[in-house]
Structures are given as structure tokens and as C-alpha cells.
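Visitor: The structure under discussion is supplied below as C-alpha cells; questions concerning it will follow.
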Amino acid sequence: MTALQSEYSLWERNLKLEIIPLLRELGIGLVPFSPLGRGFLTGTAQRAEDYPEGDFRRGDPRFQGENFEANMRAADAVREIATAKGAKPGQVALAWLLHKGEDIVPIPGTKRRTYLEENIAAADIRLGDEDMKRLDAALRPEAVSGPRYNEHGMAMLDR
């Protein structure tokens, strides 16, 4: 095995304590999906009910009710650092991942060339130690409100 594809981002750090150290010990890379937190880290998130029928986020607990409000507050640090760097919030979220090690190569999904170009430009964003600490603290796992998936989705994890 040369790489593991799993969700990992500022938004979802479920791999940090056990999996990433094991991957590094074994020389296996990580290919994180949803590195932009299903759009939440781009600064364009909406409440669940504002997404069209069929959109995954309509049923995502993190986009609903009080969870949404709490998560918007947690993501403020991403937007503030992006503004200070003249970047987009999604670029800062990707830069955070890229600063976590050369063995981590995120795969942000996109439907538009503009977003592809923004995502590529994230590689040029330099985050200092203070930026990384601020992002780590603002979106620490206990600061993200709501489960990763709805009840059915959570039952399917780690099976």
C-alpha cells in the first residue's frame, strides 16, 4: 500500500492521533478527501435547508441549527487569516493541510476551472507557526459542533 484515502482536514481530524503516525511509520501517504470540509472552509457555507434537495449537506448535522452557528464561529479564524494573506479561505484550509507534511496530498473536488486554479494557488501560501497554531486551536475537534455524518452515516464508519 502506498497511500490511504480518508477524510482529513481542519474540519475533521479523526486520523491525527492514531492513523497518521502509523502511516508515517509505514511510509504510506495520506490522500485526504473533503479537505474543504464539504465547502464549510471555503467561507461559502449555507444552512442545511438552503441547499437543494439531493445535496449531501442538507442532512449533515454540522450544517444544521445551532451546530451551523457554532461552526461558523469556529471557521472565523480561516476567513481572518485568508483576509490577512490576500487569499481565499479555501486556500488557507488547503495550505494548512500542505503544511502538515509532504506525505499528505489533499484532493479537493471542484466543478469549475476557477476553483481548480484557486486550489492550485494554495500551494504558494505560507502559513507561519502562529497561523498554524491559531487554525489548530480554532478548529480543534471539540470546537467543531455536530457529528461528522447523520445517524445512518455514523453507523457505517469503521465497519
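Visitor: Pick from the stretch 14-48 the residues that are among the charged types (D, E, K, R) and surrounded by fewer than 17 Cβ atoms within 10 Å (Cβ to Cβ): which of them is farthest from Ala75 (Cα to Cα)? Walk me through it before giving the result.
Guide: Keep residues of the stretch 14-48 that are among the charged types (D, E, K, R), which gives 16, 18, 24-25, 38, 47.
Imposing the further condition that a residue be surrounded by fewer than 17 Cβ atoms within 10 Å (Cβ to Cβ) reduces the set to 16, 18, 24-25, 47.
Details: Lys16: 19, Glu18: 25, Arg24: 28, Glu25: 31, Arg47: 14 Å.
Ranking the qualifying residues of the stretch 14-48, first place goes to Glu25.
Visitor: When only residues in the stretch 40-54 that are of a type outside the set (Phe, Trp, Tyr) and part of a helix (DSSP H, G or I) count, which is farthest from Lys88 (Cα to Cα)?
Guide: Glu49
Visitor: Within the stretch 2-39, which residues are more than 22 Å from Asp55 (Cβ to Cβ), modelled with pLDDT under 95, of a type in the set (A, V, I, L, M) and part of a loop (DSSP other than H, G, I, E, B)?
Guide: The answer is Leu15, Leu17.
Visitor: Can we say Phe56 is aromatic (Phe, Trp, Tyr), at negative phi and surrounded by fewer than 18 Cβ atoms within 10 Å (Cβ to Cβ)? Give the derivation first.
Guide: Values: aromatic (Phe, Trp, Tyr): yes; at negative phi: yes; surrounded by fewer than 18 Cβ atoms within 10 Å (Cβ to Cβ): yes.
Yes: the conditions hold for Phe56.
Visitor: Looking only at the stretch 97-146, count how many residues are among the aliphatic types (A, V, I, L, M), outside any helix (DSSP H, G or I) and under 25 Å from Asn71 (Cβ atoms).
Guide: Looking only at the stretch 97-146, we keep the residues that are among the aliphatic types (A, V, I, L, M), and these are 97-98, 104-105, 107, 116, 120-123, 125, 127, 132, 135, 137-139, 143-144.
Now narrow it down to the ones that are outside any helix (DSSP H, G or I): 104-105, 107, 125, 127, 139, 144.
Filter again for under 25 Å from Asn71 (Cβ atoms), leaving 104, 107, 125, 127, 139, 144.
The qualifying residues number 6.
Visitor: Which members of the stretch 75-96 meet the condition of being surrounded by fewer than 21 Cβ atoms within 10 Å (Cβ to Cβ) and within 14 Å of the chain's Cα centre (by Cα)?
Guide: Asp76, Ala77, Arg79
Visitor: Scan (1) closer than 20 Å to Leu15 by Cβ; (2) free of Cβ contacts under 8 Å to residues at least 12 places away in the same chain; (3) not β-branched (Val, Ile, Thr) for the single condition Arg58 breaks and write down its number.
Guide: (1)
Visitor: Using the structure shown, decide if Ala77 is closer than 25 Å to Glu142 by Cβ, among the small types (Gly, Ala, Ser) and touching a helix residue (DSSP H, G or I) at 6+ places or on another chain (Cβ under 9 Å).
Guide: On the way: closer than 25 Å to Glu142 by Cβ: yes; among the small types (Gly, Ala, Ser): yes; touching a helix residue (DSSP H, G or I) at 6+ places or on another chain (Cβ under 9 Å): yes.
Here the answer is yes, as Ala77 does meet what is asked.
Visitor: Run down Glu53, Glu7, Glu66 and say which single residue is touching a residue at least 60 places away in the same chain (Cβ under 8 Å) and farther than 28 Å from Glu130 by Cβ. Break it down into steps so the answer makes sense when it comes.
Guide: Details: Glu53 fails: touching a residue at least 60 places away in the same chain (Cβ under 8 Å); Glu7 fails: farther than 28 Å from Glu130 by Cβ.
So the residue among Glu53, Glu7, Glu66 that is touching a residue at least 60 places away in the same chain (Cβ under 8 Å) and farther than 28 Å from Glu130 by Cβ is Glu66.
The values are calculated or read from the model by the stated rules, or taken from the named source; none is laboratory data. Worth saying up front: this structure is predicted, and the values here are computed from it rather than measured. Neighbour counts are summed over all protein chains in view; Cβ atoms, including those assigned to glycine, are modelled from backbone coordinates with ideal geometry.
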